Each structure stands twice: as structure tokens, then as C-alpha cells.
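This report refers to the structure that appears directly beneath it.
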Amino acid sequence: MKIKVSAIALTTLFISINGMAQSDYVSDMSSAYYQQWYTDYEQTGIKINDISTIYEQQVAKRGYPKKKTVKIKMELIEHYVQLLQNQLVDPRLNKDVDKEKIQRKIDEWQTQYVMLKALLKKI
């Protein structure tokens, strides 16, 4: 009887330790996923800022930006909006975030994209 109880206790202990390890593994995977997303989000933001500086310099010098600059900025904005949309719908990314704020950001960036698209047709 004592052996049966010990075997059951060991099995229960093993199952709970194994479950905790799997939980930590899933948490680490989610954390790695978030870190990858955040790095991409941050790098895209830096690239948008860099191309915006070039855009402003071209406008100051020529009165309008080059087509190539506008296209690059549009591509970066499109990618940035996609990252924000992913954050909005992916539970691994939207823990403790203000979804309305994210939606406002998406709307603002999409508006800027539309304006750049209209500008591109004019230059």
C-alpha cells in the first residue's frame, strides 16, 4: 500500500513539474515572439523617421520630395500599419494594451498613406 501511494505521489509530482515546464516553454515562446515583433516594430519606426528626415530635406530644397522617397515611405508605413494590426488581433501581442489607442494609430498612419499615394500621383 505504501508503495502504491508513493508511486501515485511521484506520478502526480512528475505531471505537475512537467506541466510547469511546458507552461514556462510556452511563456518563453510567446516572449520570443513578442520580442521579435517589438524589434521589427522599433526598427520600422526608426526607418520611417530616417526617411521622413530625407523627405523634409527634399521638400526644403526642391519644393517636393522625390518619387523614390515617397514610395519608400509608403512601403514603411504599410509595414508599420501591418505590425499595428497584428498587435491589435494577436493575443500574444495585445496583453495590457489600449486597443482604441492602437486603432487610432492605425487610422492616422492609413490617412498619411492615402495622402502620400495622392502626392505620388502628382509628382
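The values are calculated or read from the model by the stated rules, or taken from the named source; none is laboratory data. Worth saying up front: this structure is predicted, and the values here are computed from it rather than measured. Side chains included, ligands, DNA and RNA excluded: accessible areas come from the protein's heavy atoms. Shrake-Rupley method; radii C 1.70, N 1.55, O 1.52, S 1.80 Å.
Could you list, in sequence order, the residues of the range 51-107 that are among the acidic types (Asp, Glu) and open to solvent by less than 50 Å² (accessible area, probe 1.4 Å)?
Answer for the range 51-107, where residues must be among the acidic types (Asp, Glu) and open to solvent by less than 50 Å² (accessible area, probe 1.4 Å): just Asp90.
Give the residues of the range 47-72 that are among the aliphatic types (A, V, I, L, M) and within 25 Å of the chain's Cα centre (by Cα), sorted by residue number.
Answer for the range 47-72, where residues must be among the aliphatic types (A, V, I, L, M) and within 25 Å of the chain's Cα centre (by Cα): Ile48, Ile51, Ile54, Val70, Ile72.
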